[in-house]
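Worksheet: one structure, shown below.
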Amino acid sequence: MSNIWSIAKRELRAYFSSPIAYVIVAVFLLLVGFFFYSLVWWFNSQAMQMAQNPYYAQQVNINQMVFSPLFHNMSIILLLMLPLLTMRLFAEEKKAGTEELLYTSPVSVVQIILGKYLASLLVLALMLVLTWILAAFVFAFGNPELAPLLNGYLGLFLMGAAFIAVGIFFSSLTENQIVAAILTFGALLLFWVLSWAASSASGLWKGTLEYLSFFQHFDDMTRGILDTKDLVYYLSFAFFGLFLTHAVIQSRRWR
Amino acid sequence: MIEVQNLIKKYGQLEAVKDLTFKVEQGMIWGLLGPNAAGKTTTMRILTGYLPATDGSATVAGYDVFEQPNEVKRAIGYLPEVVPLYPEMTVGVFLGFVAEIKRVPKAKRAAAVDKVVKAAGLESVRGRLIRNISRGFKQRVGIAQALIHDPQVLILDEPTIGLDPAQIVEIRELIKSLRGERTIMLSTHILAEVTQTCDGVVIINEGRLMACDSLASLTASVSRRDGVLLKLRRGGEEAAALFRQVPGVEKAAAEGDAVRVEWARGQDPRDGVTRLAVEKGLGLLEMRPHGLGIEDLYLKIVSGGTVQ
């Protein structure tokens, strides 16, 4: 355990002693802030109109009208930014030759992978926690429900955790960071748009594609639905990514 | 301390190490000598557990490299050919990190870092980013990180490569100062490195063992003759013929302007040689001992010969 933390600490130091983490966090917050502002603006005008009619006034729901779409926007931003966070994790070690230090130290490959994974998860958590400032405004001037909000954040975090695992896997395949990032983008986008293919498919094939798509599972969570099916999906996705990373590293060393 | 038995390593079709067997005793500095692409780095990577062998066995400090990799990793300090450094860390922080992953107990880490900083002469750069220090210092940081957990065995892959002459001397002195209970194995393709730093040598070429012995006995076994190289104003074949008549001289051969004179070990016809050079007015400019033995041996090995 202490080994995992040693590796994670070094990765965090690398993130924060270079501009990487600051730039990613800042750009993420800027974009999320922009989307939040637009959504609240839209919500205000909608709410004004709906308030005229007692029937519609019942339907005004800030969770559904602001946070649900905001979570969708955030998930796309994460899809675009997390590959840039993960691309260096193994590729850089390989290029600089520092992997030789890691693999000749009494630290297991599993511990190295988990340490790096933990460091990126913490950066992701920081990105998400900082957006709570926006939620704080809504709590100050409105009365949203807390539970669906937390559920949405849980969804974002789990999805980000799955993205990061995919990113680590591709980083372990190459010593070129750009290649790692592009492969990660490709894979994530593919899993994202599977649901489009699912809409025109039928039968078992449709069900399978829907289950595999990031989108389908995330949609539930932004609506405040917490289903074990979705949890299992993201966790198994993350596990699978890390498992493949382990296989890649072991096979490189045994070739 | 280090024992290698019938070690084989194949990269696909390429056989980098072919049936290597040698043994290195405790408390000495051993050189792993061979031309480039002889299998030195591969052998060291196998010993440190970075690469698995295709076949054969290796033990370090009594632990089997393949069966007990973690014990071996704790017993070994390793400086790879490409010094593993994180440029964005300071020297002190980096060494602290290495102490952590080498499992130095938390309470002893600060002391361990202090100790290697002092041993490697890094006091002046301790707080600087590794990115900004000179190549010589980077090499020292590499040696310091290998020493941090006070390993019984130190494996250094080409520790002086790419350094300037003054730095080479410094690093050699540093390595010599580490001698003690520790067993040190360093690889090099430069013979002088071995003759100046090491007690013993393992010579390999194209993945095969060529010789493994202490430096003293290796020199004694291969050179039956001593010799000098004479630089003359009027050298050449005629001068060589004159020297051949001096009693005790076994062989004299012209090498451009110079003449190489050799004799059986135990005799010393140097007086006669000088007297002759003066009497015949050959214009003696320079006379220096001509290294035979290990240098010849190494050249012979590199050019494809074998020993014994």
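Values computed for the structure shown
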item: Relative packing of peptides B:280-286, A:23-29 - highest average C-beta neighbours within 10 Å first; result: A:23-29, B:280-286
item: Least to most buried among B:E67, B:E295, B:E262 (fewest other Cβ within 10 Å first); result: B:E67, B:E295, B:E262
item: Kirkwood-Stokes translational diffusion coefficient of the range B:224-292, alpha-carbon pairs, 25 °C, 0.890 mPa s, µm²/s; result: 213 µm²/s
item: Estimated 222 nm signal from helices in the protein assembly as shown, with DSSP H stretches of n ≥ 4 weighted -39500 (n - 2.57), rounded to 500; result: -18500 deg cm²/dmol
item: Alpha-carbon centroids, the range B:187-247 and the range A:143-182: separation in whole Å; result: 64 Å
item: Reachable lysines, given that their alpha-carbon falls under 29 Å from the alpha-carbon of B:K251 and they are not under 8 places away in the same chain; result: B:K231, B:K280, B:K300
item: Estimated dipole of the range A:25-164 in Debye, rounded to 20 [Cβ of Lys and Arg +1, of Asp and Glu -1, Cα centre]; result: 100 debye
item: Average Cα contact separation per residue, the range B:143-204, under 8 Å, 6 or more apart, as relative contact order %; result: 38 percent
item: Other protein chain Cβ atoms within 10 Å, averaged over every residue that makes up B:95-101; result: 5
item: Against the rule of thumb 2.2 N^0.38 Å, how large the Cα Rg of the protein assembly as shown comes out; result: 1.38
item: Average silhouette area of chain A, convex hull of alpha-carbon atoms, in square nanometres; result: 16.2 nm²
item: Cα long-axis angle, helix A:109-130 against chain A (0 to 90 degrees, to the nearest 10); result: 30 degrees
item: Average other protein chain Cβ within 10 Å of Cβ, residues B:245-251; result: 0
item: Neighbour-count ranking [beta-carbon atoms within 10 angstrom, fewest first] of B:K102, B:K231; result: B:K231, B:K102
item: Shielding by other protein chains, A:87-98, mean Cβ within 10 Å; result: 2
item: Highest-MSF residue in chain A out of A:Y56, A:Y233, A:Y15 [GNM, Cα springs under 10 Å]; result: A:Y56
item: Packing-based exposure ordering (other Cβ within 10 Å, fewest first) of B:L85, A:L204; result: A:L204, B:L85
item: Hits among lysines - C-alpha to C-alpha of A:K116 under 17 Å, sequence gap 8 or more where chains match; result: A:K9, A:K94, A:K95
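Since every read-out is calculated from the coordinates, none of them should be taken as a lab result. Treat the numbers as computed from the prediction; the structure is a model and nothing was measured. Here Cβ is always computed from backbone atoms with ideal geometry, including for glycine, and neighbour counts include all displayed protein chains.
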